[in-house]
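Undergrad: I'd like to ask some things about the structure below.
The values are calculated or read from the model by the stated rules, or taken from the named source; none is laboratory data. Because the structure is predicted, anything quoted here is derived from the model rather than measured. FYI the Cβ positions are ideal-geometry reconstructions off the backbone, even for glycines, and counts take in every protein chain you see. Accessible surface areas use protein heavy atoms only, side chains included; no ligands, DNA or RNA. Shrake-Rupley method; radii C 1.70, N 1.55, O 1.52, S 1.80 Å.
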Amino acid sequence: MITLTTDFGSPYPAAMKGVILQRTDARLVDIAHNLPRQDPRTAAFWLRETLPYFPPAVHLAVIDPGVGTGRKALVVRAGEHALVGPDNGVLIPAARRLGEEIDAFEIDPDHEAFPDTGGDGSTFAGRDVFAPAAAEVHETGVENIEEIDWLSPTDYEDLVFPEAELREREARGEVLVVDRFGNAITNIPGNILEDRFGSEVAVNGTAVPAERSYAHVDPGQRLVTVGSHGNVELAVNAGRGDEAFGVGVDSTVTISY
Amino acid sequence: MITLTTDFGSPYPAAMKGVILQRTDARLVDIAHNLPRQDPRTAAFWLRETLPYFPPAVHLAVIDPGVGTGRKALVVRAGEHALVGPDNGVLIPAARRLGEEIDAFEIDPDHEAFPDTGGDGSTFAGRDVFAPAAAEVHETGVENIEEIDWLSPTDYEDLVFPEAELREREARGEVLVVDRFGNAITNIPGNILEDRFGSEVAVNGTAVPAERSYAHVDPGQRLVTVGSHGNVELAVNAGRGDEAFGVGVDSTVTISY
Amino acid sequence: MITLTTDFGSPYPAAMKGVILQRTDARLVDIAHNLPRQDPRTAAFWLRETLPYFPPAVHLAVIDPGVGTGRKALVVRAGEHALVGPDNGVLIPAARRLGEEIDAFEIDPDHEAFPDTGGDGSTFAGRDVFAPAAAEVHETGVENIEEIDWLSPTDYEDLVFPEAELREREARGEVLVVDRFGNAITNIPGNILEDRFGSEVAVNGTAVPAERSYAHVDPGQRLVTVGSHGNVELAVNAGRGDEAFGVGVDSTVTISY
């Protein structure tokens, strides 16, 4: 199984699939192709929250603002999974969830296994480097990754999401990502709300109902809830939480309860 | 085969696929993931018009504005098909097309077959309840559904689309849904136009050409036609019929011919 | 393997998949379903740039502004591939890339192999004609296409993209398509920039940096680069090239270098 995640929209990912299907009969599963453009941090969040639901697989993730600028191309092994993508941190939070230890390998894009794109770069490494690399890792097997001769052990650029500070009856965190519906997803663990559902908490000083799900408040009303990722989310039933709370990525969020 | 229909956009459906693929090798087919948010009626229409084209399958459909509020979770058997989703009517019109008789079963989300989401609800029942339920129904087989110990027979919330009134040379109906292109799809059967193509009919009192397809009128011009669902559609070639005719869901439409 | 390309958005392509899966177990791969509406030329470009990356397959492409107006329905054989779609040129540039010779066959939509849609046309030939045709071509095998009794040899409407004029240190071409990110893709071959990366060229008289990839200029800055298709592209890093350069499809582009 190979999963695919990009910010390419359509039809670019189809060329990647063609390249893969020239090399393997693996099942292909799309994670997302409309992630925010050139934003490895948001993609890293979604990969971390999504890939652990999958059986062992090769996960191709190309959110790559540095394409063509000499950034490394990686294969990261994490447990029985492998992740393939650029060295900008996008793969790492998911890898940490998938395996206790993670090993990184650098792809040599000038190896004859890859098409000669005629210079020191390509605008479509997803198709020309990452897709054939993912297919080969799949065919070789994650456990035999050291046998692949265009891979060599390497270090990698890390990406660590900040952790919330938990005090007595107060949590101080920040917005990690805003999803397409406008829900502002924080790094505050959802269990702080466990005994508060149905009552109010203070979000940045303002009282807001804490509810198990959107439908517990009227359409257009604000709430704090726990999203599918287990984190506290600032939301509006049938509306945009980011706008109603006046927050965006990196905004500080303090919840008193 | 398992089909998936949601209003989740992306990347949420991917977690559902991961959960399913942990449990079965079934083929997965996406019906739609960008249906109007929290609108079971529109989703019910599209499921009714789409699922009958499929071979026997398990159809997972999560349009679930009542998630976390105690609404029942259902498996509905219809002929050789099964439908899995919330008890808000979204499954029923399709089920009636798929089978002469339909049987409904309630899912017990507190059964150990499902993850303990730590309370009386979850914001992502699609991933935590409906996806594993669909996988299990697929593996058990639709004909053996009674063997599943977290299912029990139940009644269900019905959803019946209104029928048009057909009189002598006049049909009175309403708009059931508006598609993404702005075509206003009515409940008036398309066969009333059978002998009228190429001439005009009166739509709410105004003369409009009846044509077999959009291209028979100039771009920007209004027409009535018969959509792929077999119903009369108010449309504009390369434009939005809903705006040009001033109609939306539930608007009354009278066609005299 | 059967690939699918449409301008239908969602959920219409799902009905096509159901029809296909009634007839074959072939792998299905989506190329794109959100191509610009009723624009065979843009679709032809993307098919030409994408399909050659695939192993031998049947490629279903339904961008069909003339549906219901008597245009022919085609199967085109190109090497080990077959393309299925309307006779408006959309299939031809890709077919020329896939095979040295191409043979066209006309589909008889009134044959009993297809549902009787009750007249001289249908608004959803993708589901009623092209999908069952693609499934049958897949099952029969591209090499045995002559055996299919609802196919007969035919000529076809051609579509040829204009070629750029290359002179001494100047190329004169035009914009073929604008992608979803606003990159204006020209017909000028990318190799004219080979020795120019890192310096400036003149685009319609104005100096613009030529770079291997977007990230070589600051966000919001213009550049010319070579896209994944090998052609010169007018772009803006993290912005829209079409707007910044004031160009659209068919605009003349002269590059002096």
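Undergrad: Return yes when A:V201 is modelled with pLDDT under 95 and open to solvent by less than 20 Å² (accessible area, probe 1.4 Å) and no when it is not. Write out each step before concluding.
TA: Values: modelled with pLDDT under 95: no; open to solvent by less than 20 Å² (accessible area, probe 1.4 Å): yes.
Against the criterion (modelled with pLDDT under 95 and open to solvent by less than 20 Å² (accessible area, probe 1.4 Å)), A:V201 does not qualify.
Undergrad: Next up: Looking at region A:154-163, is at least one residue acidic (D, E) and touching a Ser or Thr at 6+ places or on another chain (Cβ under 8 Å)? Quick ask: steps written out before the conclusion?
TA: Filtering region A:154-163 for residues acidic (D, E) gives A:155, A:157-158, A:163.
Keeping just the survivors that are touching a Ser or Thr at 6+ places or on another chain (Cβ under 8 Å) gives none.
No.
Undergrad: Within region A:43-57, count every residue that is in contact (Cβ under 8 Å) with a residue 12 or more places away in the chain and either open to solvent by 10 Å² or more (accessible area, probe 1.4 Å) or over 18 Å from B:P11 (Cα atoms) (or both).
TA: The total comes to 6.
Undergrad: Sticking with this structure for a sec: Could you tell me which of the residues C:D110, C:D103 is under 28 Å from C:G18 (Cβ atoms) and either in the same structural domain as C:T6 (by TED's automatic domain parsing) or in a strand (DSSP E or B) (or both)? Step through it out loud before you land on a result.
TA: Numbers: C:D103 fails: under 28 Å from C:G18 (Cβ atoms).
Going through C:D110, C:D103 in turn, the sole match is C:D110.
Undergrad: Go over the candidates C:N191, C:N204 one by one and state the one that is closer than 28 Å to A:V67 by Cα and touching a Ser or Thr at 6+ places or on another chain (Cβ under 9 Å).
TA: Numbers: C:N191 fails: touching a Ser or Thr at 6+ places or on another chain (Cβ under 9 Å).
Going through C:N191, C:N204 in turn, the sole match is C:N204.
Undergrad: Residue under question is A:T186, and the condition is that it be outside the structural domain of A:R71 (by TED's automatic domain parsing), within 27 Å of A:A43 (Cβ to Cβ), of a type in the set (S, T, Y) and in contact (Cβ under 8 Å) with a residue 40 or more places away in the chain; does it hold?
TA: Numbers: outside the structural domain of A:R71 (by TED's automatic domain parsing): yes; within 27 Å of A:A43 (Cβ to Cβ): yes; of a type in the set (S, T, Y): yes; in contact (Cβ under 8 Å) with a residue 40 or more places away in the chain: yes.
Yes, satisfied.
Undergrad: Looking only at region C:3-26, filter to residues that are at pLDDT below 95 and open to solvent by 20 Å² or more (accessible area, probe 1.4 Å); which one of those is nearest to the other protein chains (Cβ to nearest Cβ)?
TA: Result: C:S10.
Undergrad: Report, by residue number, each residue of region B:1-60 that is of a type in the set (V, I, T) and in contact with a Phe, Trp or Tyr (Cβ under 6 Å, 6 or more places away or on another chain). Break it down stepwise before answering.
TA: Looking only at region B:1-60, we keep the residues that are of a type in the set (V, I, T), and these are B:2-3, B:5-6, B:19-20, B:24, B:29, B:31, B:42, B:50, B:58.
Within region B:1-60, B:V19 is the sole residue that qualifies.
Undergrad: Restricting attention to region A:216-236, which residues are over 16 Å from A:N187 (Cα atoms) and either open to solvent by less than 10 Å² (accessible area, probe 1.4 Å) or touching a residue at least 40 places away in the same chain (Cβ under 8 Å) (or both)?
TA: Here is the first cut: in region A:216-236, the ones over 16 Å from A:N187 (Cα atoms) are A:216-223, A:236.
Correct list: A:L223, A:V236.
Undergrad: Contact list please: Cβ distance under 7 Å, first residue in region B:133-145 and under 18 Å from B:L98 (Cα atoms), second residue hydroxyl-bearing (S, T, Y) and buried (at least 16 other Cβ atoms within 10 Å of the Cβ), pairs at least six apart or on different chains.
TA: That search, which allows pairs on different chains as well, returns B:H138/B:T24.
Undergrad: Something else now. From the set of residues in region A:27-74 that are farther than 18 Å from A:F181 by Cα and among the acidic types (D, E), which is farthest from the other protein chains (Cβ to nearest Cβ)?
TA: A:D64
Undergrad: Look through region B:179-198, keep the residues that are within 13 Å of chain C (Cβ to nearest Cβ) and in a strand (DSSP E or B), and return whichever of them is surrounded by the most Cβ atoms within 10 Å (Cβ to Cβ). Walk me through it before giving the result.
TA: Restricting attention to region B:179-198, the residues satisfying the condition of being within 13 Å of chain C (Cβ to nearest Cβ) are B:179-183, B:185, B:189-198.
Those still in the list that are in a strand (DSSP E or B) too: B:185, B:189.
Numbers: B:I185: 25, B:P189: 17.
That would be B:I185.
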